[in-house]
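The values are calculated or read from the model by the stated rules, or taken from the named source; none is laboratory data. Quick caveat: nothing in here was measured; it's all calculated off a predicted structure. FYI the Cβ positions are ideal-geometry reconstructions off the backbone, even for glycines, and counts take in every protein chain you see. Calculation scope for accessible area: heavy atoms of the full protein, side chains included, ligands and nucleic acids excluded. Shrake-Rupley method; radii C 1.70, N 1.55, O 1.52, S 1.80 Å.
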Amino acid sequence: MNILSQITFLMASSKKKYYVVWEGNRPGIYLTWNECREQISGYPGARYKAFKTLEAAEEAYTSSFADFISEGQSKTKVKPENPLPPEVILNSWSVDAACSGNPGELEYRGVVTQSGEEIFRVGPYQQGTNNIGEFLALVHALALLKKQNDDKTPLYSDSRTAILWVKKKKANTQLKKTSRNRKIFDLIDRATDWLEKYPYKNQIYKWDTKNWGEIPADFGRK
């Protein structure tokens, strides 16, 4: 193996990840993100995480997800990569969406702002847009808080468009409905219907990405 091949091999090895799925369609340890995604897609409350080594993944899989995210010598607490600025309300939730293409494959999720612990993740769905995902994430979070009788916890979103859509109770998307994205439009209809039926008191704030960095719910795929 020549020097260039060795460097390429080492770089590929260093980027290798192992995915533990504690709760999903088929719990286990998976070698690729696509395999992992198949196990969590469409599974409410899926619990999973990536690890750099097989040994770490095997150790985590023998523990429960709750045990893993708690403080401990061999456990790692999920938390934002960077310290949060003092302006951020720590007792809050943050939401974000990821869309590969426009339109493209869409996912959205919500996390605890202070810890980064994932509360929900939905998708992927075909032929969506980022604005739609941000809108659905906000309404999903509001509905969960309403179900928990929590009208105090505020929400953060880095999308002015999604915040405006929620306030107007309408997703003003230009996306065309097709047979492939029918499920997304069903979710939009359910979200707007929820906003019409249920008033909420939770404050929604715009995340200041320029000064604070990426929102804690960011998918990290940029």
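Overall, the accessible surface of region 109-156 at a probe of 1.4 angstrom is composed of carbon and sulfur to the extent of 43 percent. Considering all C-alpha pairs of region 160-209, those separated by over 14 Å amount to 59%. Remark: the residue 182-residue 89 segment gains 29.8 nm on full extension, using 0.36 nm per residue and subtracting the alpha carbon distance. With the simple spin-label model, which puts each label point 7 Å out from Cα in the Cβ direction, the residue 59 to residue 209 separation comes to 3.5 nm.
Restricting region 111-200 to chymotrypsin sites (Phe, Trp or Tyr not before Pro) that sit in a DSSP loop and have at most 11 other Cβ atoms within 10 Å of their own Cβ leaves nothing. Take region 150-205 with all the other protein chains still there, run a 1.4 Å probe, and you get 66 Å² of accessible area per residue.
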